[in-house]
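These notes are about the structure you will find just below.
The values are calculated or read from the model by the stated rules, or taken from the named source; none is laboratory data. These figures come from a predicted structure and were not determined experimentally. Neighbour counts run over all protein chains shown; Cβ positions are idealised from the backbone, glycine included. Ligands, DNA and RNA are excluded from the accessible area calculation, which covers all protein heavy atoms including side chains. Shrake-Rupley method; radii C 1.70, N 1.55, O 1.52, S 1.80 Å.
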Amino acid sequence: MKAEHINPFLKSTIETFKTMVGITVTPGKLYLRKEPNNADISGVIGLSGDIRGAVVMAYPLATALKICSKFLGEEIKELNASVADCIGEIANIITGFAKKDLQTLHLSISLPSIVRGQGHVVDMPKEAPVMCIPFDTELGSFVMEVSMVDK
């Protein structure tokens, strides 16, 4: 996976959270996933075209509730359908914005899927590395996982 393929997702995440949620997200150091990230809810977008893979936005429950409360403009205290919709919509917006900067890959993106469950793992194509970008915010931290492999 090339840096020019990761940078659009990084840029899109920063812009989406600034515009849609009204918060600043600070990226941490990228790392290759060796162990599953500790997430309670994830938004997953499949990628197809010249490559195949996925983008996963993985959140601890407390962070997801705070982000969705801010995004939706109402306090949300428990995991429910609104939170699942919100997490899926944020993943969709981020991936859609990133796609504009990856036009040479002729990407198609799937509808968002939501995975719930404490400490769940979203499996990626085995032959593709999974690059992780941790983000810190005033509402908590989360991780973006990006995996791409040539067809």
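Shown for the range 3-151: the carbon plus sulfur share of the solvent-accessible area, taken with all protein chains present and a 1.4 angstrom probe, equals 51%.
Shown for the chain: cysteine residues without a partner Cβ closer than 4.7 Å, namely CYS132. Overall, the range 1-81 carries a charge dipole of about 280 debye about its Cα centre when +1 sits on the Cβ of Lys and Arg and -1 on the Cβ of Asp and Glu, all other atoms neutral. Comparing GLN103, VAL143, ILE14 along the charge dipole axis of the chain, the residue lying farthest to the positive side is GLN103, per the Cβ-charge model. For a paramagnetic label modelled on THR104 (point 7 Å from Cα along Cα→Cβ), amide N atoms under 20 Å away belong, within the range 1-41, to 1-12. Under the simplified labelling scheme, the TYR31-LYS126 pair shows an inter-label distance of 2.5 nm, with each label point 7 Å from Cα along Cα→Cβ.
With charges only on Cβ, +1 for K and R and -1 for D and E, what is the dipole size of the range 3-151 about its Cα centre, in debye, rounded to 20?
On the way: 14 positive and 17 negative charges, 37 e Å.
That gives a dipole near 180 debye.
Overall, the anisotropy analysis places the chain in the prolate class: the square-rooted eigenvalues a ≥ b ≥ c of its C-alpha gyration tensor yield a/c not less than 1.5, with a/b exceeding b/c. Accessible surface area normalised per residue over the range 1-125 is 52 Å², counting heavy atoms of protein chains with a 1.4 Å rolling probe. Between ASN80, PRO36, PRO129, the Cα set farthest toward the positive side of the dipole of the chain (charges on each charged residue's Cβ, about the Cα centre) is that of PRO129. Highest mean packing comes first when the peptides 58-70, 121-133, 78-90, 138-150 are listed by Cβ atoms within 10 Å, giving 58-70, 138-150, 78-90, 121-133.
Taking every protein chain into account, the 1.4 Å probe leaves THR26 with about 80 Å² of accessible area, to the nearest ten.
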